[in-house]
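The values are calculated or read from the model by the stated rules, or taken from the named source; none is laboratory data. Quick caveat: nothing in here was measured; it's all calculated off a predicted structure. Note that each Cβ is placed from the backbone with ideal geometry, even for glycine, and that neighbours are counted across all protein chains shown. Side chains included, ligands, DNA and RNA excluded: accessible areas come from the protein's heavy atoms. Shrake-Rupley method; radii C 1.70, N 1.55, O 1.52, S 1.80 Å.
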Amino acid sequence: MPSLYDRVKSLFHITKASGVTTTYNNLTVPTIIVTPPTEDASGGQSDRVRHIEERFVTFEPGSTVLSYLGISITNVPILIAEDDFVGVHIAARSLANDLAAITGVSRTQPTRNVVIVAGSVNSSLVRALSAEGHLDTSAIEGKWETFQTTVVNLPAPSSGHALVIVGSDKRGTIFGIHTLAEQCGQSPWQWFADVPAQKHAQIFALNKTTIHGEPTDHQVPGAIRYPLDTEFYAHVFDLLLRLKANFLWPTMWSSFTPSPGNISVTDDPRNQQLADDYGIVISMSHHEPMQRATNEFMDKGVARAGKNKSYFIIGMRGLGDEATDTDNAIKRLEDMFKVQRGLIKKYYGSETAVPQLPTKNETKRKGGLGVYFHFEYVGLLWSYKWHNSNNLAKANRIWIMNVGDPKPIELPLSIRRYEHLPPDTYSTVNFHEAERVRARWQALAARVHDLTSLIDPSLRPTFSQLVSEPVASGATFHVVTINTAFNYCYALAVYDAVKKPKQWANPARDIVANLSYAESVDTSMPTTEEHAPVLPQLSPYGPPIRHIEVSIRGDHRDLPDKRLNVTIDWPSVPRDVNTTLLVGIRSTPARYPYFDQIRIPVLNARVPETFSGFPESAGYIDADAEPVSFLHIPYPDTRSESGSIALRPFRAARASSAPPGGRMEFSLTLGDAPANFTRLLGDYVDVPSAGAMPPEWLGQVADQVWTRTVRLGPVDPGAHDLVWRTNSPEVYLEKIVVDCAGDGVAGKSYLGPPETRRVYST
């Protein structure tokens, strides 16, 4: 059986220093000189550097960035201790390849001038540097996944220098090594998205000390679906570590393959050990408790995990995430916990080897707060598996993202999942909503198309994967979907359609879908009573232009539809005018004397000059979130143009307004009226049961926003204050829409009305 080192050496081409120790500046320790394979010396792939971490490298000779002079690390050797973690060896090998790809030159053999030293705080190399007084690691000792960088000025006889990367533990060291590679110009997505390395002729380490960590919100991509071998998982683990992740839930599904099925840790028995070598913690999802496969006993999962770093999920879930087949789910879970704790004791000596999680106060439980979040999803309301359209949540201990497939889930694009976009999502009647969404997608696609020709040829494969293909396919999908909605709208309004188009649903054969057809036409004119065409009200505070769409009934393909723009010269309109104008429309020549009248309501009521705020227009008021001091959260993916507001700072708000029992509540009242807190998610069923969901869950999840209706009661004309309150910093307010007319028009759209024009006192 080969040693861990031999296994990694054969896979990653680590070059060992021929069984000898390295003496450098009077420090004699077993070391490994890391150089890239010859055939890869000029290759490599990366992207532009993310300026998130504090920078400790620069690219200009003699640079005085941040007032620190740099030392050249362009082609210096990388030294690591032979006794350091296998994962550190792997990361150092990656760094050598990365720097060769960035600079086009290989690492040199040791000199007495400059080197890069990487090691964990307890490695022999770092201990020797510390013992000689060249390095102080006290700031990171005992920390979790933290690393330190510093430039060490070594004494005679060499008077050399070293860029030292020290990690508080295995992953801290690995994160430091990959951060150096990224700051130099290598992307975490260099393999998965074909991102080429950013070329630099020279690289300099800044003469400064930086501390990175501990992580507060640890990003943990997981739930990779591929049942493949170590050759593939080496790339997966490398990506996770470059993204500063530490955790993976591989799928454990049964299948027609030999028993036990498509299982990451048994498809290639080396996978689980390779994960531990890299520093990736392996667990399985709620569907496979205790690291079992779907068709395995839990005992096998615990035994297989061995001494590798692991998380065990306890409890159980029905097959396919369905409810368990029992009349008493709580009793079934309690029994299951006893069995699982027994297995933990059997293999690890104590039932408490995995901490018990209290339930009375979720925010203070020993295991911390975790989030399990789907980038892809199969289940109710609809499955979504196309492009990433997710907004990220936060956790204080563990954050698991169900990636499903790493491609094409790299970047979020939309405020609503494509699979949740039937043709009637966006209004084709109110606020030009569907047109605006379609136009924005078309404009975005046009911009991306124009950019493609400007992109460096080496970056075009990456640009295609991460930008142009997702944008082009998203634009195509939205244009087709919205045009389908207009097809039905026009067919219904103009041609008396009798068939509503259906949502696309994976047809088994090529068919023409989403078309409506018409029968007879009605020639009686003009339209009267409730069917009369009426424009939304025009006022000085509303949209400056209203539109009328004119179509000719019958087969008149040679006569295109017309759009008429209606505007009003407000200075010419007397004050307090409140009337409805009739505009006649006649079609000639025609077999019938087509004639109709458009009703145009006009209201020239003006607010007092002392008023500041949002005046009513067309029967509603829309106030989007405003930048209110520290409360404003300028998220671009909200449904409003200005972002949202929330209680901040988060921790202070949580401490001062913690919702009872975790209930997120809000209050919206007029003036001095007392607060009227209401549960944001609505009231649950009268007799709640385990796993009960809010009554409007499915619809609101599809919309990705909670829309609540508040009855304010009768209101007199004049100025009024709306008072918003919430008891949780996790409640974000995007907009408030006041339906002044009570006809519900303001709510008949997905995004809501455009913001009412705000006025200021003079």
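For the reader, a short list of remarks on this structure follows.
- Criterion (assigned to a loop (DSSP other than H, G, I, E, B), in contact with a helix residue (DSSP H, G or I) (Cβ under 9 Å, 6 or more places away or on another chain) and either among the basic types (Lys, Arg) or modelled with pLDDT of 90 or more (or both)) met by exactly one of 575, 648: 648
- Hey, residue 112 open to solvent by 40 Å² or more (accessible area, probe 1.4 Å), modelled with pLDDT under 95 and in a helix (DSSP H, G or I) or not: no
- Helices (runs of 4 or more DSSP H) contained in the stretch 263-341 and holding at least 2 residues farther than 26 Å from residue 177 by Cβ: 264-267, 298-305
- Flag not set for residue 455, criterion: assigned to a strand (DSSP E or B), at pLDDT 60 or above and not aromatic (Phe, Trp, Tyr).
- Verdict on residue 481 being assigned to a loop (DSSP other than H, G, I, E, B) and under 30 Å from residue 619 (Cβ atoms): no
- Within the stretch 71-87, the residues that satisfy the criterion of being open to solvent by less than 20 Å² (accessible area, probe 1.4 Å) and closer than 22 Å to residue 203 by Cα are 73, 74, 76, 77, 78, 79, 80.
- Residues of the stretch 214-256 that turn out to be out of contact with any Lys or Arg (no Cβ under 6 Å at 6 or more places or on another chain) and at pLDDT 55 or above, as a count: 25
Condition check ((1) among the acidic types (Asp, Glu); (2) at pLDDT below 90; (3) under 14 Å from residue 73 (Cα atoms); (4) open to solvent by 30 Å² or more (accessible area, probe 1.4 Å)) across all residues:
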position: 150; (1), (2), (3), (4): no, no, yes, no
position: 158; (1), (2), (3), (4): no, yes, no, no
position: 167; (1), (2), (3), (4): no, no, no, no
position: 174; (1), (2), (3), (4): no, no, no, no
position: 183; (1), (2), (3), (4): no, no, yes, no
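- Any hit, the stretch 687-700, residues being of a type in the set (D, E, K, R), at pLDDT 85 or above, surrounded by 13 or more Cβ atoms within 10 Å (Cβ to Cβ) and assigned to a loop (DSSP other than H, G, I, E, B): no
Listed here are the residues, each with its yes/no results for (1) touching a residue at least 40 places away in the same chain (Cβ under 8 Å); (2) within 30 Å of residue 383 (Cα to Cα); (3) of a type outside the set (Asp, Glu); (4) open to solvent by 30 Å² or more (accessible area, probe 1.4 Å).
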site	(1), (2), (3), (4)
269	no, no, yes, yes
282	no, yes, yes, no
285	yes, yes, yes, no
291	no, yes, yes, no
307	no, no, yes, yes
331	no, no, yes, yes
334	no, no, no, yes
338	no, no, yes, yes
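- Of residues in the stretch 578-602 being under 21 Å from residue 529 (Cβ atoms) and modelled with pLDDT under 75, the one most open to solvent (accessible area, probe 1.4 Å): 593
- Residue that is modelled with the highest pLDDT [pool: residues in the stretch 335-363 that are polar (S, T, N, Q) and more than 21 Å from residue 305 (Cα to Cα)]: 361
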